[in-house]
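> Following this message is one structure expressed as structure tokens.
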Amino acid sequence: MTTMTTAATLPPGPTAPRAVQGAYALTFPLRGMRRLKERYGDAFTVNVPIFGRAVVISDPGEIKQLFTSGPDLVDNLEVNLGRVLGPHSMFALSGDDHRRQRKLLVPPFHGRRLAAYEKIVEEETVRELVSWPDGRAFATLPSMMRITLNAILRAVFGAEGAEFAELRELLPPFVTLGSRLAVAPISKKGRFNPWRRFEKMRRRYDAIVDRLIAKARPDGDDVLAMMLQTRYDDGSGLSRDEISDQLLTLLTAGHETTATTLAWAVERLRRHPALLDELANDDGKLLDATILEVQRTRPVIDLTARQVKQDGFRLGRWTLPKGYAVLVSIALIHDDDAVFPHAATFDPHRFEGARPDLYQWIPFGGGTRRCLGAAFATMELTVVLRTLLRDFTLEPTTEAGERRHSRGVAYAPAKGGRVIVRRRSTGGDS
């Protein structure tokens, strides 16, 4: 019996061996994407480690079609962040399993629950800003990491305790190593490789979470308590492994990326003194627009991806074979003058009075796999920057913008978002 297959129609792309293309992608990740677009157009085919054969797209119509296609057509990658965050992580799940878990985890990060976390974020911001030196240059990224880590720990686990101190010590190196392993084609086999160290950290993390689950108050209003209370449609609850993996996802995804965006915000603001003057008399709308523009011009994640699950998937001009990955380049669409006029210019006013199109402005990804914590992250960005600008003035600079530095999954300011601040004499709680 002959099986009929649909002929593939793929965009052009480089023909170098996978190892060569992979080395190029690791060495020139963002610059390489731009060069490939200049040579081949807004869609091109690559063959790289981890993703394998993949089509990179940056056309708004094709992105919208991808994000609105059902999981029977395109779904999660077979090789994904689940190998770092665990098989029950939202990043690892597909189809009905992903939908069921997402339905359970949405409530803690929206509505009244979200508003309740604002006080936590402001308290952690004020606590950290007390240590900021007056009139001396320093990198803000470490501070932003501490703020976001402490805030997400308190939101997830409620009151502080001995386990908090352990997690504060463990999570930063754990997240850093995991972020690098997620994008590195390193086998888990062999006695001496970084996965052994990562797995040791994971066992320590699981032991801490086991103790926190045992201590959790059944009537608590933190995320862990809500996870213990929640039930699937059949009445069953989340397993210990599901809780552990999902908590790790929340702690990592809700920590590094938001902190990095905050460091980028400081880096951008220092280079736009007129904007700083406007923000001094802002009613909140310009700050909201500024956050959107920081995320457009300096997205900390460059790719969001799907995998083709049905042979002959039609995506705009292309017909893709089953198994191909489709990579959406966030930077390429954000930098497109046809989508965002004068895209190279940092101009928050483009977003004043208008919300972005979520198929064009995509720092959180899109569709059914859009970042679950997007609302929490936006709240956190707003509260931290509002508090910072209330209590400090940022000294402008004419230095060139900081280049992007890969931390593995995220792109951070190479100098950590350096700043010189002056404490306001009539500041707030700090």
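> I need the full set of residues from the range 202-235 which are among the hydrophobic types (A, V, I, L, M, F, W, C) and part of a helix (DSSP H, G or I), in order please.
207, 208, 209, 212, 213, 214, 223, 224, 225, 226, 227, 228
> Could you list, in sequence order, all residues of the range 344-359 that are over 14 Å from residue 334 (Cβ atoms) and open to solvent by 50 Å² or more (accessible area, probe 1.4 Å)?
If the condition is that a residue be over 14 Å from residue 334 (Cβ atoms) and open to solvent by 50 Å² or more (accessible area, probe 1.4 Å), then 349, 352, 353, 355 are the ones that fit.
> Filter the range 247-260 for residues that are outside any loop (DSSP other than H, G, I, E, B) and either touching an Asp or Glu at 6+ places or on another chain (Cβ under 6 Å) or under 30 Å from residue 414 (Cβ atoms) (or both) and give the result.
Correct list: 248, 249, 250, 251, 252, 253, 256, 257, 258, 259, 260.
> Further question on the same structure: Is there a residue in the range 269-285 that is under 23 Å from the mean Cα position of the chain (by Cα), modelled with pLDDT of 95 or more and within 28 Å of residue 28 (Cα to Cα)?
Yes, there is a match, as at least one residue in the range 269-285 is under 23 Å from the mean Cα position of the chain (by Cα), modelled with pLDDT of 95 or more and within 28 Å of residue 28 (Cα to Cα).
> Are any residues in the range 86-112 free of Cβ contacts under 8 Å to residues at least 40 places away in the same chain, outside any loop (DSSP other than H, G, I, E, B) and either in contact with a Phe, Trp or Tyr (Cβ under 6 Å, 6 or more places away or on another chain) or surrounded by 13 or more Cβ atoms within 10 Å (Cβ to Cβ) (or both), and if so, which ones?
The answer is 95, 97.
> Let me ask something additional. Search the range 70-85 for residues being in contact with a strand residue (DSSP E or B) (Cβ under 7 Å, 6 or more places away or on another chain) and assigned to a loop (DSSP other than H, G, I, E, B), and hand back the single one that is surrounded by the fewest Cβ atoms within 10 Å (Cβ to Cβ).
This residue is 78.
> Take the residues in the range 264-292 that are more than 16 Å from residue 383 (Cβ to Cβ) and small (Gly, Ala, Ser); name whichever of them is least open to solvent (accessible area, probe 1.4 Å).
289
> To continue, here is another question. Would the range 236-246 turn up any residue that is in a helix (DSSP H, G or I) and within 30 Å of residue 418 (Cβ to Cβ)?
The answer is no; no qualifying residue exists.
> Additional query: Could you list all residues from the range 17-45 that are without any contact (Cβ under 8 Å) to a residue 24 or more places away in the chain, aliphatic (A, V, I, L, M) and over 17 Å from residue 184 (Cα atoms)?
Passing the criteria: only 36.
> Right, something else. Inside the range 404-422, can you point out the residues that are open to solvent by 20 Å² or more (accessible area, probe 1.4 Å) and at pLDDT 95 or above?
414, 415, 418, 420, 422, listed by residue number.
The values are calculated or read from the model by the stated rules, or taken from the named source; none is laboratory data. Remember, it's a predicted structure, so these values are computed and weren't measured experimentally. Every residue, glycine as well, gets a Cβ built from its backbone with ideal geometry; the counts of neighbours run over all protein chains shown. These accessible areas exclude ligands, DNA and RNA; they are computed on the full protein's heavy atoms, side chains included. Shrake-Rupley method; radii C 1.70, N 1.55, O 1.52, S 1.80 Å.
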